[in-house]
Amino acid sequence: MPLPTGEVIGILGDNLRLRNSVLPLPTKVATKWTEGLGLPHGGRTVLYTGLMYQLIPYIEGLVKAQIKMGDSWMGKYTGLGRKVNRYVNVSAFMARPSAEERARYDQVPINVVHLLRKAGVQFGALYEDDLYSGALAYDLGLDEIVVEHAKKVHAVFKKRGVKTVITIDPHTTTMLRSVYPKILKGYDIEVKSYLEVLAEKGFGSNGHSPRQLSGDVVIHDSCVFARYEGVVDEPRELLAAAGVTIRDPEYTGRQTWCCGGPVESLYPIKAAANAANRVAQLRAAAPDCVTMCPMCFVNLSTAAGDTMRFKDISQYLREAYAS
């Protein structure tokens, strides 16, 4: 039995309002990926993670905890849990991923740093000021909380002199590029996905690809990238230039099939069923799949088990261009 939807949404909203993220992370965990990279602090152009990849192992752990709680006597005390959470971050006790799990997702922004540097892009990072975008709260309709949080993010950009933001995932991209301009006055930040930046730089040409990959891969398009932000051609161009043969599944591009997210935080069983349907479509095209969204990666790879292999696109691109 799922936990009470209203209370779960309330906890996530309270966390964003009180702690700047639906699932608050310690600063040391959120910024672990920056270690040893020597990224400048701030600047006109910054790489912005929005914490999405860092959050995924915690979201995965929280979903597992929700399923267990929903099937036990503890589920009926979710309302009490929300009241306690306003004073103590309850989610910190429900999801405790291992260092290995966290490192797997931290590798994505690390890959992106190497790719952007290979392309000659000058950029910094905001470290502890790299805040969550509010994507899940926006999807759940918590509009007032999202507006207030967006003001905090915008204030950070202004304080740090940021003019251009390079994003890593589709959810942060669409929040900063398409949602914030609608809900904030005076918001004038330029926002581009790193995939768009690499494509604009002609990555894959002019000697940028010293190592050619091989093999067939099937691309799973992120709903947010493909439908809302028009990021469809760029990942295909970058992978093709690296020597990869691309196979498109049934339902692709702007007509892509959802991975099941972000409703896994509310309806984990339904989300898993949707992911299983998508895996069947992908597996019919190729045994190796490329994703470009952390939620897609975790939902689909979990549903597939050992029947398919999944990699984030940053891993393929780094192997080809910046290894």
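Side notes on the structure shown:
- For Glu234: the one exception among (1) in contact with a helix residue (DSSP H, G or I) (Cβ under 7 Å, 6 or more places away or on another chain); (2) of a type in the set (D, E, K, R); (3) in a strand (DSSP E or B): (3)
- Number of positions in the range 115-153 that are within 16 Å of Leu51 (Cβ to Cβ) and either assigned to a loop (DSSP other than H, G, I, E, B) or not assigned by TED's automatic domain parsing to the domain that holds Asn20 (or both): 6
- For the range 229-243, a residue qualifies if it is over 18 Å from Val197 (Cβ atoms) and either surrounded by 17 or more Cβ atoms within 10 Å (Cβ to Cβ) or in contact with a strand residue (DSSP E or B) (Cβ under 9 Å, 6 or more places away or on another chain) (or both), but none of them does.
Yes or no, residue by residue, for (1) in contact with a helix residue (DSSP H, G or I) (Cβ under 7 Å, 6 or more places away or on another chain); (2) closer than 18 Å to Ile56 by Cβ:
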| position | (1), (2) |
| --- | --- |
| Pro287 | no, no |
| Pro294 | yes, yes |
| Leu300 | yes, yes |
| Phe310 | yes, yes |
| Leu317 | yes, no |
| Ala320 | no, no |
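- Flag for Ala276 being surrounded by fewer than 17 Cβ atoms within 10 Å (Cβ to Cβ), in contact (Cβ under 8 Å) with a residue 24 or more places away in the chain and within 22 Å of the chain's Cα centre (by Cα): yes
Residues checked against (1) at pLDDT 95 or above; (2) in a helix (DSSP H, G or I); (3) over 18 Å from Ser301 (Cβ atoms); (4) in the same structural domain as Pro109 (by TED's automatic domain parsing):
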position	(1), (2), (3), (4)
Thr173	yes, yes, yes, yes
Arg177	yes, yes, yes, yes
Tyr180	yes, yes, yes, yes
Ser214	no, no, yes, no
Pro249	yes, no, no, no
Cys258	no, no, no, no
Ala271	no, yes, no, no
Asn274	no, yes, no, no
Val279	yes, yes, no, no
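The values are calculated or read from the model by the stated rules, or taken from the named source; none is laboratory data. This one's a predicted model, so the numbers in the text were calculated from it and none came from an experiment. Backbone-built Cβ (ideal geometry, glycine too); neighbour counts: all protein chains shown.
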